[in-house]
Number of protein chains: 2
Amino acid sequence: MVLSGLFRRRHKEDSNDDKKLALIRIVHDCEVSPPALQDLCTSVGWAKRDPELIVRALANSLAVVSAWDGNLLVGFARATGDKVFNATIWDVAVRPSYQHIGLGGLLMRELIADIDTYGISLITLYADSGREGFYERFGFAQDPAGVRAMFREKC
Amino acid sequence: MVLSGLFRRRHKEDSNDDKKLALIRIVHDCEVSPPALQDLCTSVGWAKRDPELIVRALANSLAVVSAWDGNLLVGFARATGDKVFNATIWDVAVRPSYQHIGLGGLLMRELIADIDTYGISLITLYADSGREGFYERFGFAQDPAGVRAMFREKC
């Protein structure tokens with residue numbers, strides 16, 4: 001009985017999640033409104049970036065994927081790279097109220113599909129602590145052959 | 001006596017290293033001859049890449065630095081990125097017979113200076129196992145805040 005109850009509840013949640021996900025529009029375009037992106041970044045606790053810099057950075061990105069519920073930006077991901085040998089994924093973000101419905105996975109699949117159109121052999125990323133399992137689902141391996149992430153941040 | 005002898009030998013080597021380094025010409029240009037780059041890659045045990053793909057990848061790089069002894073390509077480094085928020089360093093290579101004379105450090109400083117002209121706040125790289133100490137000399141920190149390198153390679 002307990003298991004059956006759990007199954008029904010889970011099933012109901014999945015159904016609602018699917019409906020929520022079905023309403024979301026995926027856009028492949030570097031022209032994402034800076035205020036919309038600033039608002040999404042704020043929602044996930046990231047620093048606000050300058051609108052002009054956002055426009056330039058997106059124009060210089062190899063691929064940009066955004067997810068919209070009506071006029072609300074609910075998810076985002078982009079990649080930089082040389083369009084030949086490598087691409088690096090950055091800024092994978094899902095608005096908190098749209099998390100845990102499969103949107104992060106959808107954004108990753110759409111972004112990887114864009115990157116794959118270039119025939120790029122190596123896709124890389126820097127995973128925040130605790131997020132490794134999420135990226136492993138898309139074929140990413142952690143610290144391959146002992147490779148380490150290294151950052152140099154400007155003060 | 002032994003120490004003195006060692007000192008003299010080391011001093012002599014340093015002096016020769018300086019002379020060798022002084023002869024090297026640093027070029028900041030994405031137009032590096034593909035056969036020269038293929039030859040350098042072979043010398044350090046890297047896979048040979050297609051000449052046409054090399055030309056495209058370098059043209060799409062944010063900065064490319066090469067080191068020449070006459071017509072011989074002896075060192076190379078490049079970076080990709082969005083020209084605004086981030087740059088990633090790739091393919092730092094020094095021909096074996098020109099290693100241990102400070103050329104790797106020179107290439108890194110020249111490449112970082114190029115990247116800095118964009119005002120980029122974050123420079124990243126993927127360090128091969130055992131090379132972390134080299135990059136730490138230029139202000140790079142390993143796995144900052146638990147961030148992990150993740151790779152997805154095409155079969």
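The values are calculated or read from the model by the stated rules, or taken from the named source; none is laboratory data. As the structure is a prediction and not an experimental result, all values here were calculated from the model. Note that we place each Cβ from the backbone using ideal geometry, even for glycine, and neighbour counts take in every protein chain shown. These accessible areas exclude ligands, DNA and RNA; they are computed on the full protein's heavy atoms, side chains included. Shrake-Rupley method; radii C 1.70, N 1.55, O 1.52, S 1.80 Å.
Nearest the rotation axis from B to A, which residue of chain B has its beta carbon, and at what whole-angstrom distance?
Smallest Cβ distance to the axis, with its residue: B:ALA149, 2.
Please state the charge dipole magnitude for the protein assembly as shown, taken about the Cα centre, from unit charges on C-beta atoms (+1 on K and R, -1 on D and E), reported in debye and rounded to the nearest 20.
Working: 38 positive and 40 negative charges, 114 e Å.
In debye, rounded to 20, the protein assembly as shown gives about 540.
What helices does chain B hold that run 15 Å or longer along their axis, going by alpha-carbon atoms, with a Kyte-Doolittle average of -1.0 or more, using DSSP H for the helix calls?
Numbers: long enough: B:2-22 (30 Å, -1.32); B:103-116 (20 Å, 0.86).
The answer, listed by residue number, is B:103-116.
Provide a whole-number value for the mean count of partner chain Cβ atoms within 10 Å of the Cβ atoms in peptide A:43-53.
Working: counts 0, 0, 0, 0, 0, 0, 3, 2, 0, 1, 6.
Shielding by partners across A:43-53 averages 1.
Once you have the Cα-Cα distance between A:LEU72 and A:SER97, take 0.36 nm times their residue separation minus that, and quote the gain in nm to one decimal.
Separation in residues times 0.36 nm, less the Cα-Cα distance, equals 7.8 nm.
Who wins for biggest fluctuation among A:PRO96, A:PRO144, A:PRO34 in a Gaussian network model of chain A, springs between alpha carbons below 10 Å?
A:PRO144
How far, in nm to one decimal, is A:LYS48 from itself in the other copies if the label point is set 7 angstrom along Cα toward Cβ? Shortest first, please.
When each copy's label point is compared with this one, the spacings are 5.6 nm.
With the label 7 angstrom out along Cα to Cβ, how close does A:PHE138 come to the same site in each of the other copies, in nm, nearest first?
2.7
Could you work out how far the C-alpha centroid of the range B:124-146 sits from that of the range A:45-62, in angstrom?
Centre-to-centre (Cα) distance: 25 Å.
Leaving out ligands and nucleic acids, and using a 1.4 Å probe, what accessible area per residue does the range A:25-142 come to in Å²?
43
I'd like the antiparallel share, as a percent to the nearest 5, of DSSP beta bridges with both residues in the range B:2-140.
80
Rounded, prolate or oblate: which one fits the protein assembly as shown, using the alpha carbon gyration tensor with axes a ≥ b ≥ c (rounded when a/c is under 1.5, else prolate when a/b beats b/c, else oblate)?
Working: a/c = 2.41, a/b = 2.10, b/c = 1.15.
Here the protein assembly as shown falls in the prolate category.
What's the percent breakdown of Cα-Cα distances in the range A:37-155 across 10 Å bins, shortest bin first?
12, 42, 37, 8, 0
Only Cα pairs within less than 10 Å get springs; with that Gaussian network setup on chain A, which residue of A:ILE120, A:ILE54, A:ILE89 has the largest fluctuation?
Greatest mean-square fluctuation among the candidates belongs to A:ILE120.
What is chain A's relative contact order, in percent, from Cα pairs under 8 angstrom and six or more apart in sequence?
The value is 19 percent.
In debye to the nearest 20, how big a dipole does the range A:25-142 give about its Cα centre with +1 on each Lys and Arg Cβ and -1 on each Asp and Glu Cβ? Can you show the working numbers first?
Numbers: 10 positive and 14 negative charges, 24 e Å.
Approximately 120 debye in magnitude.
Mean residue ellipticity at 222 nm from the helices of chain B, using -39,500 (n - 2.57) per DSSP H segment of n ≥ 4 over the full residue count, to the nearest 500 deg cm²/dmol?
So the calculated ellipticity at 222 nm is -12000 deg cm²/dmol.
Counting only protein heavy atoms and rolling a 1.4 Å probe, how much accessible area do B and A lose on contact, total for both sides, in Å² to 100?
So the buried area, both faces added, is about 4700 Å².
Would you mind listing the distances between the A:HIS100 label point and the same position in each other copy? Use 7 Å along Cα-to-C-beta, nm, one decimal, shortest first.
5.8
Accessible surface of A:ASP69 in the full protein assembly, 1.4 angstrom probe, to the nearest 10 Å²?
50
Of the accessible area of the range A:25-142, with the probe set at 1.4 angstrom, what percent is carbon plus sulfur?
C and S atoms contribute 49 percent here.
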